[in-house]
Amino acid sequence: MPGSNDQLADTPPGVDHVGQRAPDPVSPRESDPVKAALQERMERLPPGHPSSPYNDDGSRRPPPPDLSAYELPIPGDPDYQPDPPRASEADQVGDAGSDDIHDHEPPADGGQDRELPKADHEELDDLGSREQAERRLSEITDRAMERCQAAEGRDADGNYGERGFTPAMRRIESQLEHGHLADQTEKYALKDAARFKEKLAERSERFPNADPNDLAAEIHDGVRYTFILDFDYYTDGVGLAQSKLAETGYDHIETKPGWYGEEYKGVNSQWRDPDSGIRFEVQFHTRESWSAKQITHEAYETIRSNKASVEETESLRAYQREVSATVRIPPGALDIPAYKKGR
């Protein structure tokens, strides 16, 4: 039995597959026999064929659009005549001249009288202010760290000479019979730049009216050192080391004894180099207090970040107290005097 496509292929033009008269096809232009022959062949194609004028169900597809209606006159054609500009276009052209690149530029007033909502303006202004403040803090940090590195004593190749804080600390170390600098002093003498910037940002937020350059200059641990002193000679060792620092020419800014504290044991001191103006920190520990500080350092940083919950903070502080309670207090350590240079 012949298929439906075969049957339709034998159906006379103009008659559908059920014997009814189909609508008259679009007559080709008499002046174009090629198009007429092509149209006749298309009429004989099986319905559903991509080029057939009939759908699968035998209904006629809509005629294709007459593309000639969309053609535009092209300069050079015999009948080409440019359309005169519309009134609105003529008004826009005016006396602008032949340089039409300005047609793609927005008018000086922004083109349309639309403005961002006030809230959006404030948000953009706030974002710009934060980015500007961030850049300024980065620049101040970079300059401060360059000064700290120069004062610490290393040259561009990382080598030490006679000048600088670290060579001076090593000379003081050699005069301490019962103490020494902490391991890897040279590696950790300079504070990490990211941490310095974070500390500067915290101070800038706390003192918004202060000059960030002044706040950076007051950060006293951009360069820092730790002396580990023998337990039985600890108190005398603190006094001797501080006297040697003063003899070297450094200004004594502050000494904060912490042996009475519950969460930290040790002595922290601040000094200033009169030549560079750089402040630096010197800590004094026993082996036990230094170990306790290292063990609780992560807890201290978490507390300091203010990101922990109240419960977690209390738990971390309890942990610090527990560790510090195991540290023995050297003879006379509770009598080490506090000091702060008068302004």
| query | How large is ³J(HN,Hα) for each residue in region 200-209, as worked out from phi by the Karplus curve 6.51 cos²θ - 1.76 cosθ + 1.60 (θ = phi - 60°), to whole Hz, x for Gly and Pro? | reply | 5, 4, 4, 6, 5, 5, 6, 10, x, 8
| message | Quick query: amide H of residue 296 versus all other amide H atoms, modeled in the peptide plane; which residues come in under 5 Å with a sequence gap of 5 or more or a different chain? | response | none
| field | Nitroxide proxy distance, nm - points 7 Å out along Cα→Cβ at residue 232 and residue 139 | value | 5.8
| field | More than 20 angstrom apart: percent of Cα pairs within region 155-334 | value | 59
| said: About the Cα centre, and with charges only on the beta carbon of Lys, Arg (+1) and Asp, Glu (-1), how big is the dipole of region 152-253? Nearest 20 debye, please. | reply: 240
| query | So what J values fall out for region 215-220 if you push phi through Karplus, 6.51 cos²θ - 1.76 cosθ + 1.60 with θ = phi - 60°, rounded to Hz, Gly and Pro as x? | reply | 5, 5, 5, 8, 6, 8
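Read-outs: derived from the displayed coordinates by stated rules, not from any lab. Keep in mind that this is a model prediction, so the values were computed, not measured. In this analysis, Cβ positions are derived from the backbone assuming ideal geometry, glycine residues included, and neighbour counts consider all displayed protein chains.
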